[in-house]
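A short worksheet on the structure shown next.
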Amino acid sequence: MSETAPSCDTVWTGARLLPMSDGARPDGLPDVLIEDAVIAARDGRVIYAGPAGEAPAFRATRTIDCAGRLVTPGLIDCHTHLVYGGSRAGEFEARLVGVSYEDIARAGGGIVSTMRATRAASEAELVAASAPRLGDLIADGVTTVEIKSGYGLELAAERRMLRAARALGEKLGVSVSTTFLGAHAVPPEFAGRADAYLDDVIDGMLPALADEGLIDAVDAFCEGIAFSPAQVERLFQAAQARGFPVKLHAEQLSNLHGAALAARHGALSADHLEHLDAAGIAAMAASGTVATLLPGAYYFTRETHLPPVAALRAAGVPIALATDCNPGTSPLTSLLLAMNMGATLFRLTVAECLAGVTIHAARALGRKDIGALVPGAWADLAVWDVAAPAELVYRIGGRPLHARYWRGQ
Ligand code: DI6
Ligand code: FE
């Protein structure tokens with residue numbers, strides 16, 4: 001036996017393992033718990049994750065005893081705008097005395113005020129300002145985070161945002177997926193000329209940032225205060241011509257049928273979706289587009305129109321959950337709290353919340369190598385000091401993470 005024992009870098013023993021491997025439950029959700037499991041990793045990748053009784057006798061450089069703790073895949077926050085300059089606490093104060101988010105945006109505040117602060121910041125200043133936010137996510141067991149541009153709204157500043165996002169991943173030991181969101185808002189120098197700005201996004205920024213390898217996906221904000229479906233379509237065609245996957249902020253404040261448009265383009269995800277209708281749900285189900293729900297923004301803007309969770313569930317649309325960490329509508333840096341909000345506000349089940357920050361979040365990023373602990377996947381693990389998986393969703397606050405491993409380290 002020992003002659004043929006496979007060698008590996010690390011073996012974790014004594015785990016109560018939720019591998020989140022696809023479709024293990026009768027309802028298709030992958031949360032079956034394996035008592036007394038072993039996980040083995042070589043070169044940062046999982047080579048075994050399953051019952052201890054069925055595991056080969058590994059020759060491991062390092063053995064870590066999980067002492068019966070719950071082990072899940074490292075969590076994935078698949079929608080954030082966490083790189084930005086400045087603060088919007090003042091706008092929060094204004095909203096508390098009755099000024100609406102749209103009023104603030106039309107008066108040159110909102111996204112544009114963050115744009116000014118972001119344009120004024122160097123790449124190093126963006127990294128320094130954003131590292132604590134990313135640190136908070138990491139302390140919640142996050143091993144992969146998506147970070148969008150969209151507060152530069154000009155080539156040089158969009159580039160600094162994306163470079164800062166990449167630098168943060170290397171600095172803090174977390175996988176970063178970068179999304180180009182040049183079509184987030186029309187900057188003041190293009191006021192009233194959204195199509196001219198979009199030309200700049202499509203013909204200037206997109207090719208330049210693509211050539212620099214800074215883009216993993218392309219997103220847009222499809223909304224009355226942002227870009228129309230026709231404009232989004234133009235951007236999507238340009239993005240797809242360059243081979244980029246697309247995603248969309250859709251149906252957050254109103255129903256412009258953005259989700260159906262995203263689905264027509266085979267988008268990885270459509271996000272927010274409070275005002276999504278039946279046709280949008282059917283289109284998403286047909287295209288396999290993930291519904292990324294953002295309860296932090298729903299909560300913080302005091303939205304009352306719920307996303308159609310029951311209909312999404314009935315249609316079999318995969319649901320992801322994310323923080324939407326941004327200074328205007330979701331200053332949230334806890335993915336565990338987003339799970340709690342997903343359950344409390346949107347009535348997602350515990351299994352749906354767990355899938356929403358692992359396997360379904362991976363799918364929203366177009367990734368098959370994260371989100372589940374299966375052979376070949378990255379050995380991204382979160383080890384938790386909780387008695388049951390439901391506690392990860394149930395608690396409000398607290399820091400249940402015992403240890404986190406990113407690519408086996
Ligand atoms: N939807 C949002 O909730 C954020 N962006 C978007 O497209 C808000 C961004 C901000 O207000 O800074
Ligand atoms: Fe967002």
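The values are calculated or read from the model by the stated rules, or taken from the named source; none is laboratory data. A quick note: this is a predicted structure, and the numbers were derived from the prediction, not measured. No Cβ is skipped: glycine too gets one built from the backbone with ideal geometry, and neighbour counts run over all protein chains shown.
Annotations
- From the list Glu102, Glu125, the lone residue that is surrounded by fewer than 17 Cβ atoms within 10 Å (Cβ to Cβ), within 13 Å of ligand 1 (Cβ to nearest atom) and in contact (Cβ under 8 Å) with a residue 12 or more places away in the chain is Glu102.
- Looking only at the stretch 230-258, and only at residues there that are more than 17 Å from the chain's Cα centre (by Cα) and among the small types (Gly, Ala, Ser), the one that is surrounded by the most Cβ atoms within 10 Å (Cβ to Cβ): Gly258
- Set Ile104, Ile76, Ile34: member being touching a Gly at 6+ places or on another chain (Cβ under 7 Å), of a type in the set (A, V, I, L, M, F, W, C) and within 16 Å of ligand 2 (Cβ to nearest atom): Ile76
- Failed condition for Ala226, given (1) closer than 19 Å to Asp216 by Cβ; (2) within 14 Å of ligand 1 (Cβ to nearest atom): (1)
- When residues in the stretch 263-276 are screened for being surrounded by fewer than 24 Cβ atoms within 10 Å (Cβ to Cβ) and either touching a residue at least 24 places away in the same chain (Cβ under 8 Å) or under 12 Å from the mean Cα position of the chain (by Cα) (or both), 3 of them pass.
- Single residue of Gly98, Gly108, Gly152 found to be under 14 Å from Gly328 (Cβ atoms) and part of a loop (DSSP other than H, G, I, E, B): Gly108
- Residues in the stretch 141-156 that are surrounded by 24 or more Cβ atoms within 10 Å (Cβ to Cβ) and out of contact with any Gly (no Cβ under 9 Å at 6 or more places or on another chain): Glu146, Lys148.
- The set of residues in the stretch 67-95 being surrounded by fewer than 22 Cβ atoms within 10 Å (Cβ to Cβ) and either farther than 30 Å from Ile111 by Cβ or more than 16 Å from ligand 1 (Cβ to nearest atom) (or both) consists of Ala67, Gly68, Arg69.
Every residue, every condition in (1) under 22 Å from Ser334 (Cα atoms); (2) out of contact with any Pro (no Cβ under 7 Å at 6 or more places or on another chain), yes or no:
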| position | (1), (2) |
| --- | --- |
| Arg69 | yes, yes |
| Tyr84 | yes, no |
| Val112 | no, no |
| Arg133 | yes, yes |
| Thr143 | yes, yes |
| Ala156 | no, yes |
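- Candidates in the stretch 190-212 are the residues that are among the charged types (D, E, K, R) and surrounded by 11 or more Cβ atoms within 10 Å (Cβ to Cβ); of these, the one that is farthest from the chain's Cα centre (by Cα) is Arg193.
- Test: Leu273 is among the aliphatic types (A, V, I, L, M), at pLDDT 95 or above, at positive phi and out of contact with any Gly (no Cβ under 7 Å at 6 or more places or on another chain): yes
- Residues that are at pLDDT below 85 and touching a helix residue (DSSP H, G or I) at 6+ places or on another chain (Cβ under 9 Å), drawn from the stretch 90-102: Arg95, Tyr101
- When restricted to residues that are surrounded by fewer than 24 Cβ atoms within 10 Å (Cβ to Cβ) and within 15 Å of Leu401 (Cβ to Cβ), the stretch 128-139 contains 4.
- Taken as a whole, the structure leaves Arg160 outside the set of residues that are closer than 25 Å to Leu381 by Cα and part of a helix (DSSP H, G or I).
- Any chance Thr114 is crowded, with 23+ Cβ neighbours inside 10 Å, farther than 30 Å from Gln409 by Cα and in contact (Cβ under 8 Å) with a residue 60 or more places away in the chain: yes
- Across the stretch 163-188, the qualifying residues are those that are small (Gly, Ala, Ser) and in a helix (DSSP H, G or I), and the one among them that is surrounded by the most Cβ atoms within 10 Å (Cβ to Cβ) is Ala164.
- For the stretch 35-69, a tally of residues being under 15 Å from Ala382 (Cα atoms), in a strand (DSSP E or B) and either acidic (Asp, Glu) or over 26 Å from the mean Cα position of the chain (by Cα) (or both) returns 5.
- Selected residue (criterion: surrounded by the most Cβ atoms within 10 Å (Cβ to Cβ)) from residues of the stretch 304-363 that are closer than 23 Å to Leu33 by Cα, among the charged types (D, E, K, R) and touching a residue at least 60 places away in the same chain (Cβ under 8 Å): Glu352
- When the stretch 308-362 is filtered for residues that are of a type in the set (S, T, N, Q), out of contact with any Gly (no Cβ under 7 Å at 6 or more places or on another chain), under 23 Å from Leu134 (Cβ atoms) and modelled with pLDDT of 95 or more, the ones remaining, listed by number, are Asn326, Thr333, Ser334, Asn340.
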